[in-house]
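The values are calculated or read from the model by the stated rules, or taken from the named source; none is laboratory data. Remember, it's a predicted structure, so these values are computed and weren't measured experimentally. Reconstructed Cβ throughout: ideal geometry from the backbone, glycine too, with neighbour counts over all protein chains shown. Ligands, DNA and RNA are excluded from the accessible area calculation, which covers all protein heavy atoms including side chains. Shrake-Rupley method; radii C 1.70, N 1.55, O 1.52, S 1.80 Å.
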Amino acid sequence: MRILHFYRTYSQSYGGIEQVIYQLCVGAQRLGAEPEVLTLARDRRAAEVNVDGHRVVQVPLDFEIASTGFSRAAFGKFRQLANQADIIHYHFPWPFMDVVHFACGIPRLGKPTVVSYHADIVRQKLLLQLYRPLMQRFLGSVDRIVASSPNYLATSPVLTQFRDKVTVIPYGLDRNGPNYPAPAAARLDAWRQRLGGKFFLFVGVLRYYKGLHVLLDAARACDYPIVIVGAGPVEAALKAQAELNRLRNVIFLGVLPDEDKVALLTLCHAVVFPSHLRSESFGISLLEGAMFGKPMISCEIGSGTSYINIDGETGRVVPPGDPAAFRQAMDFLWQHPAEAAAMGHRAAARYEALFTAERMSAGYLALYRELLAAR
């Protein structure tokens, strides 16, 4: 079975959607399928690379509008790869992808099509009005749409319109995969000496919807260490906010190698995830916290974050954009280590039951086979 994934970017670290695609490709290979990825690259030369056994085809990015990449070369390459594939797997949202889908005649080709619906379009409200007719036609033309949690299916105004073709398959991670190398004892000791034996941890791309400004506001009334791993568009603004408020307990580490990230996930007291907008549809780094048996603090935004983190069971869930509530949740986990440890144990058990990469891959392979059989 040959599976073609199509998305605007691809990397196996940090970015949530990209990491999901990576896990799907690695998992599909283990189950005997042949996945490949078509993506855009800023390098003007087309290229093919091998990533842990699966082929990644890159075509040049020509320009971007509102974070939507466009590529003239994508049309011909997509048509070629789609003709060779048994399953075409799209990753939404990416309006250019919809254009390629119709321009290459995929509805007439008769091949099964799957869309992983990663998030509603939240920020670009004006552009959404222009895009909506194409979006509705695209989603109406594919065979199956996959939501990452029952929470998101229940609250997405778009998904509810297509409920009869939506399947829920939660994202999954592989604790023993190459993205999570076991850190050496010396590296653990070095981080322990630098950060101390107890700290809160955030990992992720520093974007507007991550709510990190709320976390920094919450940090003004406490003195325990808060470690932020990652980089992104709002990094400079966050550092300026921390400097203005003299937040000496907030430590920005930037992007780190996987071994260091795993070391910090191993050592931290709890994972904080203050995303306050529905652009955060799931929360891969929140799931990483559960995978490493850590209690979590997240916000109730009607998305998959509250499917990973259950209030009072695996951590605390607080109202979005509320620094006082977030600080109170941190205070509780800091001051009640036994309860925090018990929440972490339950988080790890929930990961094993619902969110392994093996479970996600098996769910998608079963869906692929169902669609192929129907054809």
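Between Lys198 and Gln29, take the C-beta separation as r, use R0 = 56 Å, and let me know the FRET efficiency to the nearest 0.05.
So the FRET efficiency works out to roughly 0.90.
Efficiency by 1/(1 + (r/R0)^6): what FRET value for Ala324 and Gln129, r their Cβ-Cβ distance, R0 = 35 Å, to the nearest 0.05?
Given R0 = 35 Å and the Cβ-Cβ separation, E is 0.45.
Taking a spot 7 Å from the Cα of Phe252 along the direction of its beta carbon, which residues of segment 175-196 have an amide N less than 16 Å from it?
none
Could you size up the charge dipole of the chain around its Cα centre, putting +1 on the beta carbon of Lys and Arg and -1 on that of Asp and Glu, and report it in debye to the nearest 20?
The calculated dipole for the chain is roughly 700 debye.
Would you work out which of Ala190, Leu61, His213 lies farthest towards the positive end of the dipole of the chain, given +1 charges on the beta-carbon of Lys and Arg and -1 on that of Asp and Glu, about the Cα centre?
Farthest towards the positive pole: Leu61.
Count the lysine pairs in segment 185-355 that are 8 or more places apart or on different chains: how many have C-alpha atoms under 19 angstrom apart?
Total qualifying Lys-Lys pairs in segment 185-355 comes to 5.
Dipole of the chain (Lys/Arg Cβ +1, Asp/Glu Cβ -1, origin at the Cα centre): which of Ile145, Phe78, Leu238 lies farthest to the positive side?
The residue sitting farthest along the positive end of the dipole is Phe78.
Work out from phi, with θ = phi - 60° and the Karplus expression 6.51 cos²θ - 1.76 cosθ + 1.60, the ³J(HN,Hα) of each residue of segment 272-283, listed in order in whole Hz, and give x for Gly and Pro.
9, 9, x, 3, 10, 10, 6, 4, 7, 7, 9, x
Mind ranking Glu48, Glu235, Glu36 by accessible surface for me, highest first, 1.4 Å probe?
Most to least solvent-accessible, the answer reads Glu48, Glu235, Glu36.
Can you tell me the length gained on complete extension of the stretch Ala240 to Tyr224, counting 0.36 nm per residue apart and subtracting the Cα distance?
3.8 nm
Straight distance only, please: which lysines reach the Cα of Lys165 with their own Cα at less than 17 Å, same-chain residues fewer than 8 apart left out?
Correct list for Lys165: Lys111.
By the scheme Lys and Arg +1, Asp and Glu -1, what is the net charge of all other residues having a beta-carbon under 12 Å from that of Pro183?
-1
Accessible surface of Trp334 in the full protein assembly, 1.4 angstrom probe, to the nearest 10 Å²?
60
With a point put 7 Å past each Cα toward its Cβ, work out how far Ser11 is from Ala47 in nm, to one decimal.
Going from the Ser11 label point to the Ala47 one covers 1.3 nm.
Take the alpha-carbon centre of segment 181-245, take the same for segment 113-129, and report the distance between them in whole Å.
Cα centres, segment 181-245 to segment 113-129: 29 Å.
Can you list residues whose amide H is under 5 Å from Leu173's amide H, if they're 5+ apart or on another chain and H is modeled 1.01 Å from N?
Answer set, sorted by chain and number: Thr356, Ala357.
Compute, for segment 185-355, the length of the dipole vector about the Cα centre, with Cβ point charges of +1 (Lys, Arg) and -1 (Asp, Glu) only. Units Debye, rounded to 20.
The calculated dipole for segment 185-355 is roughly 280 debye.
In debye, nearest 20, what is the charge dipole magnitude of segment 22-133 about its Cα centre with +1 on Lys and Arg Cβ and -1 on Asp and Glu Cβ, if you could check?
That gives segment 22-133 a dipole magnitude of about 280 debye.
Take every DSSP beta bridge with both residues inside the chain and express the antiparallel ones as a percent of the total, to the nearest 5.
So the antiparallel bridges in the chain amount to around 15 percent.
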